[in-house]
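Below is one structure, written out as structure tokens; the observations come after it.
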Amino acid sequence: MKTLTDWLDHCERLHPKNIDMGLERVRSVAERMGLRFTCPVFTVAGTNGKGSTCAMLEAILGHAGYRTGVYTSPHLVHFEERLRLDGTPVAVDRLVEGFARVERARCEGASPVSLTYFEFSTLAILDVMARAELDVVVLEVGLGGRLDAVNIIDADCAVITSIDLDHMELLGPDRESIGYEKAGIMRTGRPVVVSDPAPPRSVLDRAREVDADLWRLGVDFNFSGDKQQWAWRGRDRRYAGLAYPALRGANQLINASGVLAALAALHDRLPVTAQAVRTGLSVVELPGRFQIVPGQPTLVLDVAHNPHSVSALAANLDAMGFFPVTHAVFGAMADKDLTVMFERVNPIIDRWYFTDLPTARAQSGAALEAQWRGLNTRKDTQAQAFADPVQALRAAVAAADPADRIVVFGSFYTVGGVLKDGVPRLDARHLNP
């Protein structure tokens, strides 16, 4: 019997590409496995906000008494984080059994079906979910939507969060092209919730083309709020006096509004009480999404890894109030629009700690530092490069005063790198004379 690590290594060797857009191969293996769900399925696509949307759906539905299964990707530290059953990461032995079933199915024919790492692992996770006797399933799209492996499952309700420029080499050069790919998760006659305040025309056109039941922010649902509370209204349902979601950040109200619209759209099949809504939103957790870790200095963890999410991070950091110095541990993939990312956050960052990451897709810390120096116009900043996120964080802590803050961002690998031994609790050198 192979271990989970063995299976993941096996998956990485099977296919010449990390990403191979298309559903024919993965669908053929799913059909051999008899893979299907009898419970309602939410599928969530978008550039940013997918993980938060999935977490809020999970929290509310869990507090409503439903058995939930949630698939998200990528993971921060351990692969089994990708599948949560009733809010808890799946047991490794169940994943191992799922991988074995995928392997048997893909090798059934005259010649084995070649699957990418993501396709193989997605099938294994879907198989475990299908056998878990769940009441509701929440699936986060890995990349795009139309040709993503998750899209072999027909969504009872599709949710499309923000749409912005990312993965342009695969999804297209502009928001219209990317929106068309995201809109591929829609199904005829079924609800689709679009929580992007200004969705591309391609998304709206696709909803009309397939005759989906479109729920659009600002038209079919909306929200309002003051400093103490917020309210939501939909077609035939309202919530008032809601506490703000436990997930921090200004963009979380938009995500929460989409969640409440999705729950309203499937209310006949999955009734949810107002109390479940209030409790779920008040306790929802999602590591690495503007996660503030108390300490001296304060630590902020955020997987922001494209211009849109880095802009949101910059706004959220600005809203935190005054800190004498902001230190940043930053590692990123080489294919990102790093120039725009630097431009948006550079006014806030005083000390940079660039880091290598453990993947061939990443830009080296030294290259990141060089690119930043070519753009930087501030005279009062400093930068260094490090071999890994832990070394970079240690250097930041050594240089920081207790009243400073340290932000770790740029990639799941960057945040996951500092979380691999648990959530750090920082004590600046001045506290340890």
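Here, each number is a calculation from the coordinates, and none is a lab measurement. As the structure is a computational prediction, the values presented were derived from the model and not from experiment. Counting neighbours? That spans all protein chains shown, and the Cβs are built from the backbone with ideal geometry, glycine included.
Can you pull the percent of Cα pairs in the stretch 291-431 with separation above 19 Å?
I get 44 percent for the Cα pairs in the stretch 291-431 exceeding 19 Å.
With a 10 Å radius around each residue's Cβ, average the other Cβ atoms per peptide and rank 277-285, 402-410, 95-103, highest first.
Ranking, from highest mean packing down: 402-410, 95-103, 277-285.
Which net charge results when you count Lys and Arg as +1 and Asp and Glu as -1 among the other residues whose beta-carbon is under 11 Å from that of residue 158?
Surrounding charge for residue 158 is +1.
Ranked highest first by the average count of other Cβ atoms within 10 Å around their residues, in what order do 302-308, 316-322 fall?
The densest-packed peptide leads the list: 302-308, 316-322.
I need to check one value: relative contact order of the chain, counting alpha carbon pairs closer than 8 Å and at least 6 residues apart, in percent.
Here the relative contact order equals 15 percent.
Gap in Å between the Cα centre of the stretch 265-308 and the Cα centre of the stretch 109-149?
Measuring centre to centre over Cα atoms gives 25 Å.
Compute the orientation-averaged projected area for the stretch 238-372 from the convex hull of its Cα atoms and round it to one decimal in nm².
Its Cα hull, projected and averaged over all orientations, spans 10.6 nm².
Filter 50/227; 50/336; 50/379; 227/420; 2/420 down to the pairs with a C-alpha to C-alpha distance above 30 Å, please.
As for pairs spanning more than 30 Å Cα to Cα, those are 50/379; 227/420.
Would you mind putting 265-271, 202-208, 25-31, 143-149 in packing order, based on average other-beta-carbon counts within 10 Å, highest first?
Packing proxy ranking, top to bottom: 143-149, 25-31, 202-208, 265-271.
Between the stretch 59-88 and the stretch 374-391, how far is it from one alpha carbon centroid to the other, in angstrom?
Answer, in whole Å: 36.
About its Cα centre, what dipole magnitude does the chain give when the only charges are +1 on Lys and Arg Cβ and -1 on Asp and Glu Cβ, stated in debye to the nearest 20?
I would put it at about 520 debye.
What is the magnitude of the charge dipole of the stretch 291-431 about its Cα centre, with +1 placed on the Cβ of each Lys and Arg, -1 on the Cβ of each Asp and Glu, and no other charges, expressed in debye to the nearest 20?
My answer is approximately 80 debye.
Per residue of the chain, what 222 nm ellipticity follows from adding -39500 (n - 2.57) for every DSSP H run with n ≥ 4, rounded to the nearest 500?
-11000 deg cm²/dmol
What Kirkwood radius, in Å to one decimal, follows from the Cα pairs of the chain?
Mean inverse Cα-Cα distance, inverted, gives 22.5 Å.
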